[in-house]
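The block underneath contains the structure these notes are about, expressed in structure tokens.
The values are calculated or read from the model by the stated rules, or taken from the named source; none is laboratory data. Please read all numbers here as calculations on a predicted model, not as lab measurements. Positions of Cβ are generated from backbone atoms using ideal geometry, with glycine treated the same way; all protein chains shown enter the neighbour counts.
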Amino acid sequence: MSESIGNRYVVIIGALLIQVCLGSIYAWSIFQTALREGVYAWTSTATQMPFAAGLASFALFMIFAGRWQDRVGPRKVATVGGILLGLGYLLAYLVDVFAAGDELLGTVWLVITYGIIGGAGIGFAYVCPIAALVKWFPDKKGLITGIAVAGFGAGALVFGYVEEFLLAMFGAPASMTIGMPFAVLGIIYLVVVVLGAQTLVNPPEGWLPPGFTPPATTADGKGIDIMPGQMIRTATFWLLWFMFVLAATAGLMTLGNVKSAAIAIDPAAAAWATVIVGVMSLLNAAGRIVWGTVSDRLGRENTMMLMFGVLAVSMFSFAFMTTISTTWIAVMMVASVIGFCFGGNFALFPSATADFFGNKNVGKNYGVVFTAYGVAGITGALVAGQIVDITGSYFFAFVTTGILAIVAVVLTLALRSVRRTNG
């Protein structure tokens, strides 16, 4: 038993190594700003497309990854994810050649490489640490899921600074090129994710921590192991899925545009953009642990309602700030609260999936639930890009996502009612 207990803490280390690299996708606003300046001058919508494609690919391939890792274990699947992620970035190195003054061609190339291939790598690698750790720590699902994905939230902080450094090294602001930074990042991700994957193992079948009995309110406590085909025929799944879409859309729109939005509100933010992204990323990571821990005590539904409510207030506050004269510090504070709530999604939804549908098939089940995040990636990008291009302001974009957060609260009330009715 001591060897098993030891193994589960080694898995945490590997999970954090992997997730920090995968979470760099949230630092896209650094590349987005470079694409809107220098030699590129792309539209806001064009700069959002690779980000949206990456999130959609991430969610789509996570479905296959969840099923595959339940069959062959997390190590092999995460290794494939690391290889694909590194390959996507290495191919993105050629964007300077393919762009060459052609915004459409450059956008398509980044959508394919950074977005589809790199996003597939994230999808394959992301689910493996979560599925493994939920099985190792069934007594602390919210907390351990929060820790597992905290690295993902912190990835934007770590690699935001790395990306700024690489962009400064390989291209002055007036003649910015981004190919070489992609290549360097690709090598880093390939090595670190593949190494981290080698630590991922599942516990023995039926293993439980000493003295722990699954609560009767969970699927495991009822002796139920629900498969994806059964899951998608339940009202619980669809309520959970739509809640995820709405909450993630609000957070992703902010994460993908925070640097540009901050500069639009206060031009002085340009000199502090990396700090703004970094602090938001820290709160994103902290939110995963805090909300996950709170949910172990208050329950998943209660915690979700509280978190969505705070998110709604923050989105409306951000919208208000676009209409007044304020400082980048105020922008950073509100954006950080949004990041704090956004991060909580990735602790609450996988742990809720395990509670509602069982630990045994959590990899494949959460892969299906996570398709909501792929939809949110597209809607979040479109809300911001289209509205900003049409109105020249982020005001209506933030108002819209604030309303979505309120709807998520209502759906959570419905979810609680359905679960009480169904026992």
From the option list 339, 367, single residue qualifying as in a helix (DSSP H, G or I), within 19 Å of the chain's Cα centre (by Cα) and within 30 Å of residue 43 (Cβ to Cβ) is 339
Name every residue in the range 384-396 that is touching a Phe, Trp or Tyr at 6+ places or on another chain (Cβ under 9 Å) and either buried (at least 24 other Cβ atoms within 10 Å of the Cβ) or not in a helix (DSSP H, G or I) (or both), in order of residue number.
384, 394
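Which residue, of 104, 143, 110, 87, is farther than 23 Å from residue 252 by Cα, in a helix (DSSP H, G or I) and at pLDDT 85 or above?
87
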Matching entry among 334, 310 (being outside any loop (DSSP other than H, G, I, E, B), without any contact (Cβ under 8 Å) to a residue 40 or more places away in the chain and crowded, with 20+ Cβ neighbours inside 10 Å):
334
I want to confirm something. Restricting to the range 313-331 and keeping residues that are surrounded by 23 or more Cβ atoms within 10 Å (Cβ to Cβ) and modelled with pLDDT of 90 or more, which single residue is nearest to residue 395 (Cα to Cα)?
315
Of the residues that sit in the range 284-295 and are hydrophobic (A, V, I, L, M, F, W, C) and crowded, with 24+ Cβ neighbours inside 10 Å, which one is modelled with the lowest pLDDT?
285
If you scan the range 28-76, which residues turn out to be hydroxyl-bearing (Ser, Thr, Tyr) and either in a helix (DSSP H, G or I) or within 20 Å of the chain's Cα centre (by Cα) (or both)?
29, 33, 44, 45, 47, 57
Please name all residue pairs, on different chains or six or more residues apart, with Cβ atoms under 7 Å, provided the first residue is in the range 236-265 and is at negative phi and the second residue is among the acidic types (Asp, Glu) and part of a helix (DSSP H, G or I).
none
Single residue of the range 196-238 satisfying the filter (closer than 22 Å to residue 372 by Cβ, in a loop (DSSP other than H, G, I, E, B) and of a type in the set (Ser, Thr, Tyr)) that is modelled with the highest pLDDT:
234
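The rows are residues; the columns are (1) among the β-branched types (Val, Ile, Thr); (2) closer than 24 Å to residue 286 by Cβ.
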| position | (1), (2) |
| --- | --- |
| 120 | no, no |
| 128 | no, yes |
| 151 | no, yes |
| 193 | yes, yes |
Go through the residues of the range 291-305 one by one and say whether even a single one is in contact with an Asp or Glu (Cβ under 8 Å, 6 or more places away or on another chain), under 21 Å from residue 149 (Cα atoms), in contact (Cβ under 8 Å) with a residue 12 or more places away in the chain and among the basic types (Lys, Arg).
yes
Before we move on, is residue 349 under 20 Å from residue 154 (Cα atoms), out of contact with any strand residue (DSSP E or B) (no Cβ under 6 Å at 6 or more places or on another chain), among the aromatic types (Phe, Trp, Tyr) and buried (at least 23 other Cβ atoms within 10 Å of the Cβ)?
yes
Mind listing just one residue for me: the one in the range 239-260 that is small (Gly, Ala, Ser) and modelled with pLDDT under 80 and, of those, surrounded by the fewest Cβ atoms within 10 Å (Cβ to Cβ)?
260
Residues that are closer than 22 Å to residue 44 by Cβ and either in contact (Cβ under 8 Å) with a residue 24 or more places away in the chain or assigned to a helix (DSSP H, G or I) (or both): does the range 126-138 have at least one?
no
